[in-house]
Amino acid sequence: MDNVIVHVGCPSIMDSKDLAAHAASCGADAISAVCPSFVKPSSLDALVLYLQEVASAAPSLPFYYYHIPKLTGITYQINDLLGKVKQNIPSFRGVKFSDVNLMEFSLCVHAYKEYDFLYGVDEQLLGALAFGAHGAVGSTYNYLGKITGDLVKAFEDGNIQNARNIQFCIQEFLIYVFDMGWGLPEFKDIMSLFSGIPLGPSRLPLVSSIRSDHHDAIKDRIKKMDSV
Ligand SMILES: CC(=O)N[C@@H]([C@@H](O)[C@H](O)[C@H](O)CO)[C@@H](O)CC(=O)C(=O)O
């Protein structure tokens, strides 16, 4: 593995700071944090203060903000946030951007060339690459890593039609998953099934509804994608 970015965001800022310091002591390459979202930051400035405090627990490590508004409900515009972190967080290095708003994504990539933008909505990665994404972090890459690597290569080689075909296959797989009503706990089961590594169930309150009679259908669908 070339780079290990340790996620340290927790509901308690004290825990986040402890984890950040621990990550630094273990030789992590970078850290990343979501902001607590049960009790949300009361303003954009409050969010910046939170990130600054967590980053300061591991000042030598590059720091990434993890923006996932669908889950956190924290919806401040990232381009506004970046204007403020620039002066306040010297170790700030970029954003994991897990939102469908590609215009906001593009504005950030364009205005903040010094930062990395890692995209997190796997079903539309190609759109983000077109807007200048520097990488991707997502749940499906745990079992669709090869085909996604092929998508990125096709994009880099200028083979856009091939990249589109691969993205479409990934979308078809995800439509099947969403139609089944599956989400993160099921993704973890698929990861175990596909890797052969028993990763165990998700933590409560997440409960997977995958049954053993779904296994063959999932394996077949993933195998079929290898032939694209
Ligand atoms: C809301 C959500 O789960 N987003 C995922 C995506 O990888 C997502 O599962 C994928 O695009 C399918 O919708 C990631 O951005 C987040 C994620 O994998 C994580 O934090 O573990």
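Read-outs throughout are calculated quantities, based only on the coordinates presented, and are distinct from any laboratory measurement. This structure is a prediction, so every number in the text was calculated from the model and none was measured. Cβ: placed from backbone, ideal geometry, glycine included. Neighbour counts: every protein chain shown.
Things to note:
- Separation of the range 1-71 from the range 128-163 is 26 Å, based on Cα centroids.
- Built amide H within the under 5 Å cut-off of residue 136, gap 5+: 119
- Highest-MSF residue in the chain out of 22, 214, 134 [GNM, Cα springs under 10 Å]: 214
- Hydrodynamic radius of the range 33-158 by the Kirkwood approach over all distinct alpha-carbon pairs: 15.2 Å.
- Other residues within the sphere of radius under 14 Å centred on the Cβ of residue 135, judged by their own Cβ, net out at -2 (K and R +1, D and E -1).
- With kT/(6 pi eta Rh) evaluated at 37 °C and eta = 0.692 mPa s, and Rh the Kirkwood radius from Cα pairs, the chain diffuses with a coefficient of 174 µm²/s according to Stokes-Einstein.
- Compactness ratio for the range 141-183: Cα radius of gyration over 2.2 N^0.38 Å (N = residue count) comes to 1.25.
- Computed over the chain, the per-residue total of -39500 (n - 2.57) for DSSP H runs of n ≥ 4 gives a 222 nm mean residue ellipticity of -15000 deg cm²/dmol, rounded to 500.
- Residue by residue, the range 214-222 carries 3J(HN,Hα) couplings of 8, 4, 5, 4, 5, 4, 4, 5, 5 Hz when phi is fed to the Karplus relation 6.51 cos²θ - 1.76 cosθ + 1.60 (θ = phi - 60°); x denotes Gly or Pro.
- Pairs of lysines in the chain whose Cα atoms sit within less than 18 Å of one another amount to 14, provided the residues are eight or more positions apart or on different chains.
- For the range 140-228, the percent of C-alpha pairs falling in each 10 Å distance bin, counted from 0 to the bin holding the largest distance, reads 16, 47, 27, 9, 1.
- Net charge over other residues, Cβ less than 13 angstrom from the Cβ of residue 177 (K, R count +1; D, E count -1): -4
- Net charge of Cβ neighbours under 13 Å - reference residue 60; Lys, Arg +1; Asp, Glu -1: 0
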